[in-house]
Every structure is written in structure tokens, then in C-alpha cells.
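For reference, the structure discussed in these notes is given below.
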Amino acid sequence: MIFSCGEKQKPIPKTGKVSITGIELRAAGSPSGRTNATFQWEHVFNNQLQLTFTESSGESFNIALDPNDFSTAYSIDLPFGTYEYSGESNAQPISTSLPVSVSGQLIVDNAVETLTIKASSDYGLFTFSKSNLSGSPKILEPESGVFSSTSDFYYSYVKDDLLLKAELDLSNGNSFRIGTASRGFTHQHYQISSSATEPVDTFQPNDFEISAERLILGESGYPANLYPYQLAELNPATNETSGLQWIQGRIFSINDSGNSAEIQEINAETGALVRTIKVTNVPNVDWEDLTASPTHLFIGDFGNNAGNRTDLKILKISIPALLVQDEVAADVIEFSYPDQSDFSGANVDHNFDCEAMIFWENQLHLFSKNRGDGQTKHYTLSTTVDKQIATLTETFDAKGLITGADVTPEGKHVVLLGYENQGVSSRCFIWTFASVSSSVFFERRKSVFPWESGQFGTDRGHSNRSR
């Protein structure tokens with residue numbers, strides 16, 4: 001006996017009911033958090049995810065679900081077969097929810113199938129404990145905004161490798177900025193503590209790697225330690241960099257003594273060498289720092305290790321020429337110190353070395369590296385190309401050797417970089433002077449921020465600076 005059916009009487013293909021019961025994030029490595037944690041982070045996802053199942057024949061089926069809520073399983077009927085499933089949540093560079101990409105395989109060959117969907121993400125998580133903060137941190141870069149809030153924390157998800165800069169308002173009335181690069185599949189947590197005795201926040205590691213920092217407020221009411229906004233590996237051509245300067249969104253460097261009379265333009269994100277600009281008419285005796293006015297770049301050729309130099313100078317180079325030419329000529333400002341009379345070089349602990357300079361209020365400001373007493377002297381010079389005697393305006397006990405200086409873009413805060421002269425136990429430090437309004441900086445409100453050796457790289461004796 002032979003049976004057959006007509007076109008409209010084909011057998012109904014077998015169908016399975018697929019129950020979607022959860023979402024699983026694929027870990028990027030072994031989590032490093034402690035197991036005796038006080039907190040367990042529950043990710044916040046976009047509340048709608050469109051999931052597409054595509055059968056090997058090309059036919060597709062869709063279902064929408066909320067990955068935050070699996071209290072009831074989501075069900076979809078699929079004909080028996082082999083499927084690829086995929087879905088992606090909407091993503092902004094900074095997000096209140098974790099953007100995910102979902103993908104995986106599914107074989108439907110039973111009447112009932114259970115599925116936990118596999119998800120990955122190239123976003124990292126930032127959290128700030130609410131303790132000692134007066135409100136939500138303000139996001140300054142890469143775009144303005146504020147952090148979202150839970151009962152204990154402020155948080156935001158940030159795309160991998162983006163530089164996040166935030167401003168934190170403390171409950172003591174102070175504020176400061178912190179910045180770091182986002183790391184995909186990493187939970188970066190910050191806790192502001194008024195003392196070292198406060199309990200430490202710890203998280204149970206689930207999927208993201210955990211990286212926790214605690215910033216303890218010092219006597220000044222600011223964190224005792226600061227962290228660089230960005231780290232980059234410099235090209236070997238700039239391995240003795242002794243000064244950095246931003247000019248119109250580009251960054252320039254010089255090398256120390258013993259190197260060619262050249263300026264390097266470097267990639268601010270990667271540290272790669274972009275190009276080299278030769279200074280044709282002046283050698284590099286001991287170039288130590290850079291600064292700039294709106295029209296000129298200034299190179300401080302005032303390194304004076306032995307204290308015997310009588311040829312101190314500052315090079316003045318046109319910025320329009322610097323930006324487009326591979327060779328430039330410099331005008332020269334020659335100067336001397338009003339308080340130096342001994343040029344014998346016999347005193348190794350002299351106070352007439354210099355490695356730090358800024359341009360402010362139409363003057364050049366130099367800060368000495370006093371090998372003898374650990375103080376720094378603040379001198380001023382005109383930008384006029386002439387032989388000058390610097391003006392000594394003030395002295396400050398820096399408690400170490402000053403190797404770099406800078407001023408904030410709005411010109412209201414001056415920063416000095418240096419290190420203690422105490423051998424292997426030495427620490428690097430930054431002095432800040434707030435709300436400067438005259439050429440006398442050291443009388444203004446000041447704070448010091450030390451960091452331990454190895455916290456991040458600093459070439460002592462040079463003004464290497466992290467953005």
C-alpha cells in the first residue's frame with residue numbers, strides 16, 4: 001500500500017518551544033575581587049533586546065525581551081533545526097545601562113528547550129562610593145553628563161579605551177577631578193575615605209574583573225594621592241624627554257642634554273613619534289622644559305647641574321612655523337640669576353639649577369631646582385629677546401627637587417612637579433597653588449600630593465608628565 005499527500009497536505013514540521021531563562025556574560029579573564037565581599041554588583045541592561053534566531057536555511061524568527069527581568073521565562077516556538085541567534089542593544093559612549101552583543105548557537109530537536117543566552121560587551125563599569133561625596137560626580141569627558149545612582153553608589157558604563165574624566169564634589173566643600181581609561185569587562189571602583197580606618201568596599205566577583213582604588217583624604221581635605229589621566233609609551237626617540245607642551249591640540253617634546261637640537265611632535269594618545277623639527281641655529285646644551293604663549297614656544301636651556309653655567313638661555317620659536325616646518329630658527333633670550341656670584345662649579349649642593357618654567361601673564365616664570373636646601377626660587381623674565389637679569393620674586397620650601405611646572409588653561413592654578421632627595425625612600429610629589437592672581441604664587445592656598453615610587457613612571461630629573 002502506498003500513501004501520498006497533496007500539496008496542501010504536507011506533514012507539519014516538528015516544533016520545539018524554546019524557553020529563554022537568563023543571560024550570561026562571557027568573562028574576559030579570572031576575576032580578581034575578594035570572595036568575602038560586602039557588595040555584589042547587579043548589572044543594569046537596556047530594558048529591551050531584540051533577539052533573532054536564524055535557521056540554517058536562512059529563515060529567521062524574532063523575539064523581544066527585557067534582559068533585566070527573567071522572573072518569567074520568554075518563550076518562542078521554533079521548527080526543529082540548527083540556529084544562530086544574535087542581538088545587540090543600543091550603545092552610546094557613556095551609558096546608564098550595559099550595552100551587550102548577544103550571539104550563540106542552538107539546536108532545536110526536542111519539544112521543550114531551555115536557553116541561557118550568551119552575551120559579551122566591550123564596555124567597562126565605573127562606580128564611586130557615595131561616602132564623602134556631596135552629589136553625583138560630573139562627567140566632563142568624553143561627553144558631559146552625570147553618573148547614575150543606586151542606594152550606595154554612583155555608576156556609569158563606558159566604552160572600552162575611552163578616557164573618562166569626572167569631577168567629584170566632596171562633602172567637605174572641596175572638589176577635584178579624576179580621570180582614567182575605561183577597560184572593557186572591568187569594574188573600576190573608587191572609594192573616597194576621610195581616614196584609613198574607614199571600612200573598605202569589597203565586591204563579589206561575578207563576571208567583570210574588579211579593580212578597586214581607595215583615595216584617602218589628607219589634611220588639606222583633598223586625596224593624598226593623585227593618579228595620571230592617561231599613560232602612554234614614548235617612542236625610543238623621546239626616551240629622555242624633558243618637557244611636554246600642548247599647542248593647538250597637539251603635543252610637543254624635547255630631549256635632555258646630550259641629544260640633538262630637535263623638537264618632537266608626538267601622538268598624545270599613543271606616544272608615537274609624529275615628526276621631528278630641527279632647531280637650526282642653537283645647540284642643545286641642557287634643554288629642560290617647554291612652555292608656550294599664544295604665539296611662541298619657549299625652550300628652557302637652563303639645566304645647570306654643576307652650577308657653573310654662564311650661558312643660560314631660553315629659545316623663542318614661532319608657533320606658526322613650528323606647526324608646519326621641519327626646520328625652525330630660534331630667537332634667544334640670554335639671562336642670569338641676580339643672586340648667583342659663584343660660578344666655579346665647586347659646590348655640588350648649589351641652588352642654581354633649573355628644570356621648570358611656565359608662561360603666565362605675559363612673563364616667563366622659572367622655578368629653581370635647589371640641590372642645596374630643597375627649596376625652589378621663583379624668578380620672572382620678560383619674553384623680550386635681550387640679555388636679562390631675572391627677577392627673584394619669592395622662595396618656597398618644596399621639601400624636594402622641582403623638575404617640572406605647569407599652569408591650568410584658565411591661568412588660575414600653578415602646579416610644580418618634583419621628588420624628594422632622600423635616596424631609595426624618595427617619593428615624587430605635586431604641589432598645587434590655587435587661585436593665583438599675581439606673580440606671587442606661593443602665598444596662595446597650596447596642597448601637596450605625594451605618590452609612592454612605582455605608582456606610575458616618572459623619570460627623576462626630567463619633567464616627564466602624564467596627561
### Query
What is the number of the single condition among (1) touching a residue at least 60 places away in the same chain (Cβ under 8 Å); (2) under 18 Å from SER131 (Cα atoms) that ASN206 does not meet?
(2)
### Task
Name the residue, out of SER129, SER151, SER171, SER182, that is under 18 Å from the mean Cα position of the chain (by Cα) and of a type in the set (Gly, Ala, Ser).
SER182
## Note on the structure
Going through region 101-128 in order, the residues found to be outside any strand (DSSP E or B) and open to solvent by 40 Å² or more (accessible area, probe 1.4 Å) are ASP109, ASN110, ALA111, ASP122
### Query
Within region 222-265, how many residues turn out to be modelled with pLDDT of 90 or more, within 17 Å of the chain's Cα centre (by Cα) and either more than 19 Å from PHE359 (Cβ to Cβ) or open to solvent by 40 Å² or more (accessible area, probe 1.4 Å) (or both)?
3
## Note on the structure
If we keep only residues of region 70-81 that are open to solvent by less than 70 Å² (accessible area, probe 1.4 Å) and part of a loop (DSSP other than H, G, I, E, B), then the residue farthest from ASN110 (Cα to Cα) is PHE70
### Task
Consider SER368 carefully, then state whether it is under 36 Å from the mean Cα position of the chain (by Cα) and hydroxyl-bearing (Ser, Thr, Tyr).
yes
### The one condition in (1) surrounded by fewer than 19 Cβ atoms within 10 Å (Cβ to Cβ); (2) more than 25 Å from ILE333 (Cα to Cα) that VAL415 fails to fulfil
(2)
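Just to verify a result, which residue in region 335-384, among those that are small (Gly, Ala, Ser) and outside any strand (DSSP E or B), is surrounded by the fewest Cβ atoms within 10 Å (Cβ to Cβ)?
SER341
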### Task
Go through the residues of region 298-307 one by one and say whether even a single one is out of contact with any Gly (no Cβ under 6 Å at 6 or more places or on another chain), under 17 Å from ILE251 (Cα atoms) and open to solvent by 10 Å² or more (accessible area, probe 1.4 Å).
no
### Task
Mind listing whichever residues of region 182-200 are in contact (Cβ under 8 Å) with a residue 40 or more places away in the chain and open to solvent by 30 Å² or more (accessible area, probe 1.4 Å)?
ARG183, SER194, GLU198, PRO199
### Query
Which number in (1) in a strand (DSSP E or B); (2) open to solvent by 20 Å² or more (accessible area, probe 1.4 Å); (3) in contact with a Gly (Cβ under 6 Å, 6 or more places away or on another chain) marks the one condition that THR276 misses?
(3)
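The values are calculated or read from the model by the stated rules, or taken from the named source; none is laboratory data. The structure displayed is predicted, hence computed values, not measured ones. Because the Cβ atoms are built from the backbone with ideal geometry, glycine has one as well, and the counts that use them run over all protein chains shown. Surface areas here come from the heavy atoms of the whole protein model, side chains and all, with no ligands, DNA or RNA. Shrake-Rupley method; radii C 1.70, N 1.55, O 1.52, S 1.80 Å.
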